[in-house]
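The values are calculated or read from the model by the stated rules, or taken from the named source; none is laboratory data. On a predicted model such as this, the values are computed, not experimentally measured, just so you know. Heads up, the Cβs are rebuilt from the backbone with ideal geometry, glycines too, and the neighbour counts pull from every protein chain shown. Ligands, DNA and RNA are excluded from the accessible area calculation, which covers all protein heavy atoms including side chains. Shrake-Rupley method; radii C 1.70, N 1.55, O 1.52, S 1.80 Å.
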Amino acid sequence: MGFPANGNSATDKPYKFLIYGRTGWIGGLLGKLCQAQGIDFVYGSGRLENRSSLEADIAATKPTHVFNAAGVTGRPNVDWCESHKVETIRTNVAGTLTLADVCRDKGIVLINYATGCIFEYDSDHPLGSGIGYKEEDTPNFIGSFYSKTKAMVEDLLKNYENVCTLRVRMPISSDLSNPRNFITKITRYEKVVNIPNSMTILDELLPISIEMAKRNLTGIWNFTNPGVVSHNEILEMYREYVDPNFTWKNFTLEEQAKVIVAPRSNNELDATKLKQEFPELLSIKESLIKNVFQPNKKTAGA
C-alpha cells in the first residue's frame, strides 16, 4: 500500500515541507535539519482541529509533504492529560485526523510523529525476552489517557493510505540541557525506576524520517533504535562520560505509582522493519554512545 507507491521517490519537482509543531521539540529540530539540508520548508500556522486553516496553509505553501510534530503531551508530563481530556482529544485525535484527511484530499503524504507508548510488557512479550511488539500488533496499554488517545488515533489512521505513522518512544537527543530529553528528565528525578525500554535517538532518527518522506513510505513504523536500554544503563553512561560524581536512587514501579497520576508504558518495540529499510541504523546502546554521550564527553576516562 503506498501513496502513490510505498517506497518510490516522490517527485521530480523540488521538495517543500509543511511542518506543524514549530514550538515543539521535534518540530524545531525538523526545521533545523531542513535548513542544513537545503530543503525548502514552512511552518504551518493553522490549528490542527480547524480544517479550513489547514486547507489555507496547504493552498498557500503547495507542499510536497506534510510533517505533523504537533500534539499534546502535557506539562510537565502526561499526567496533565488526565485532567485535560477534552483538550487532549481536540489536538491528538480530532486535530491529527483532520490533518490526515486534508492531506489525503490533496494527495499529499503525511509524516506523523506518533508514540510507541501504547504497549506494555506481557506474557507474550516478557521483559528481557528480546521479543518486541511489531507494527501490526494491537496496542495493549491504556493506563494513561494520553496513551489511550494515541492508540485510538493510530487505529483510525491505518485507514489513510497517505499517512506514515512513526512510533517514537522516550525521545533522546544530544542536547542534554533540553527538559524534554529523556536523559535530562531522569537525571533530574529524585528517584528513577530501572526498566529496559525501546527508545528513539532523535539525532539519528529524525534525518531518517526526512528520508522516509522522500521515499514516500507510508503505514506504521516502530521508530526506535533496535534493542532496549534501562534507566540505570543510561545513568551509568552519563556518569562515565559527563559527570563522574553523579549519583541516583532507584525505586520500584509500586513506589513510582504513588507519585504519578497515571501509569507509564514500558515495552520493547521490534525495529526489524526500520532496520531493513535503513541498514545503517545503530542499536540503542551504540547510538547513545556515538550520538549523545561522545559529543557531550566531559570526563577524562571515557
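Below is a table of values for the structure above.
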read-out: The chain - percent relative contact order, Cα under 8 Å, separation 6 or more; value: 21
read-out: Sorted peptide list for 243-253, 62-72, 152-162, criterion being average Cβ within 10 angstrom, highest first; value: 62-72, 152-162, 243-253
read-out: Reachable lysines from residue 191, criterion Cα separation under 17 angstrom, eight or more residues apart if same chain; value: 249, 258
read-out: Among 188, 169, 104, residue whose mean-square fluctuation peaks in a GNM of the chain (springs only between Cα atoms under 10 Å); value: 188
read-out: Rounded if a/c under 1.5, otherwise prolate or oblate - the chain, Cα gyration tensor axes; value: prolate
read-out: Largest to smallest accessible area among 283, 83 [probe 1.4 Å]; value: 83, 283
read-out: Around residue 45: net Lys/Arg minus Asp/Glu count, Cβ-Cβ under 10 Å; value: +1
read-out: Pairwise label distance in nanometres, residue 123 with residue 180, each label 7 Å out on the Cα-Cβ vector; value: 3.9
read-out: Helix 202-214 axis, angle to the chain major axis (alpha carbon atoms, nearest 10°); value: 20
read-out: Length gained when the stretch residue 142-residue 84 is fully extended (0.36 nm per residue, less Cα-Cα span); value: 19.3 nm
read-out: Residue of 107, 227, 31 that the Gaussian network model of the chain assigns the largest fluctuation, springs spanning Cα pairs under 10 Å; value: 107
read-out: Nearest 10 degrees, 0 to 90: helix 51-61 Cα axis against the chain principal axis; value: 80
read-out: Which listed pairs, of 32/285; 158/185; 158/214; 32/273, have C-alpha distances above 29 Å, in listed order; value: 158/185
read-out: Debye intensity ratio in log₁₀ form over the Cα atoms of region 1-147, taken at each q of 0.19 Å⁻¹; value: -1.21
read-out: Residue of 173, 209, 129 that the Gaussian network model of the chain assigns the largest fluctuation, springs spanning Cα pairs under 10 Å; value: 129
read-out: Gyration tensor (alpha-carbon) shape descriptor, region 38-108, a/c threshold 1.5; value: prolate
read-out: The chain: angle of helix 96-106 to the longest principal axis, Cα-based, in degrees nearest 10; value: 30
read-out: Inter-probe distance in nm under a simple model that places probes 7 Å from Cα toward Cβ, at residue 272 and residue 236; value: 2.8
read-out: Of 85/290; 85/106; 16/85, those spanning more than 32 Å from alpha-carbon to alpha-carbon; value: 85/290; 16/85
read-out: Tensor-based shape of region 171-302 (alpha-carbon gyration tensor, a/c under 1.5 rounded, otherwise prolate or oblate); value: oblate
read-out: Using a Förster distance of 30 Å, the FRET efficiency for residue 253-residue 299 (Cβ separation, nearest 0.05); value: 0.45
read-out: Over the chain: helical MRE at 222 nm, DSSP H runs n ≥ 4 each giving -39500 (n - 2.57), nearest 500; value: -9500 deg cm²/dmol
read-out: Rg ratio (alpha-carbon, reference 2.2 N^0.38 Å) - region 196-267; value: 1.49
read-out: Long-range HN-HN contacts of residue 192 with modeled amide H, under 5 Å; value: 249, 250, 251
read-out: Region 150-208: translational diffusion in µm²/s, Stokes-Einstein, Kirkwood Rh over Cα pairs, 25 °C, 0.890 mPa s; value: 180
read-out: Region 97-199: radius of gyration and largest Cα-Cα distance (Dmax), Å; value: 16.1, 49
